[in-house]
Structure formats: C-alpha cells, structure tokens
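Data first, discussion second: the structure below is written as structure tokens.
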Amino acid sequence: RQGGGYAGLVLGCELDTKQMSQGEAQELARLVKQAALDQVGVKKSASGRDLTTYEISVEDNGRTIKAAFDDMTIPSNVEPLLDFLRSRASARPLDD
C-alpha cells in the first residue's frame, strides 16, 4: 500500500504466488527474501508532512510480516521489491 504525498492517492496490490506464473512467483519470493522485511519494521521520518508512505505485508505459512517506511527512510534492500509492487499497483479506496 502506497499513500500520502501531495495528491493523497492510495495505490496498492494484493499478490498471491499461487495465482502468478512460476517465474513471477519466484521473483517475488526472491525480492521478499532480499528485502528482509522482518528486520525493517516501522521506519518513518519525523519530518516531511507530504512524504509518500509505504506499507508492505507478507503472509507466508501462517506468519505475517509487516514493514512501513516513507520516501526518506526506504531501505535500499527494499527498493527492488517496492519497484516490483509498484508496477502491479492500482488505485485503491481510502479504507482498503
């Protein structure tokens, strides 16, 4: 989920590896592993009111890992996963 920024537009996607091609599913799994989201946690800057914020939630074998950050705190190891997700995102309702 991506939100905030000047326009306040909310984008998001929900991906299920069982519904994806094998190649896409493997790429997503590789990017999630590389991102190490369980070590990211919540990293939001104290300044910058109009920053875009990002929330990623991954469910795997009954376990949920969540991470949140903004434009100023995006960990470099998460950027490739964020690019992958952005390319599949679409507009979402505010309460989604």
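Enumerate by residue number the trypsin sites (Lys or Arg not before Pro) in the range 11-92 meeting two conditions: DSSP loop (anything except H, G, I, E, B), and at most 16 other Cβ atoms within 10 Å of the site's Cβ. Don't skip to the answer; put the middle values down first.
Numbers: sites: K18, R30, K33, K43, K44, R49, R63, K66, R86, R88; in loops: K44, R49, R88.
Here the trypsin sites (Lys or Arg not before Pro) that fit, given the DSSP loop and packing criteria, are K44, R49, R88.
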**Report entry** Ratio Rg/Rh [Cα only; Rh per Kirkwood] for the range 31-79
**Finding:** 1.00
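Can you give me the accessible area per residue for the range 25-96, using a 1.4 Å probe, in Å²? Can you show the working numbers first?
On the way: 4780 Å² over 72 residues.
It amounts to 66 Å² per residue over the range 25-96.
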**Report entry** Of G62, L81, A91, farthest towards positive along the dipole that unit charges on Lys, Arg, Asp, Glu beta carbons give the range 56-96
**Finding:** G62
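Using the scaling law 2.2 N^0.38 Å as the reference, what is the normalised Cα Rg of the chain? Working shown, then result.
Details: Rg = 13.4 Å, N = 96, 2.2 N^0.38 = 12.5 Å.
Computed over Cα atoms of the chain, the ratio equals 1.08.
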Report task. Using a 1.4 angstrom probe on heavy atoms only, work out the carbon and sulfur share of the accessible area of the chain in %. Result -> 46 percent
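The values are calculated or read from the model by the stated rules, or taken from the named source; none is laboratory data. Predicted model, so just to flag it, every value in this text is computed and none were measured. Quick reminder, even Gly has a Cβ in these numbers, built from the backbone with ideal geometry, and neighbours come from all protein chains shown. We work out accessible area using only protein heavy atoms, side chains counted, and drop any ligands, DNA or RNA first. Shrake-Rupley method; radii C 1.70, N 1.55, O 1.52, S 1.80 Å.
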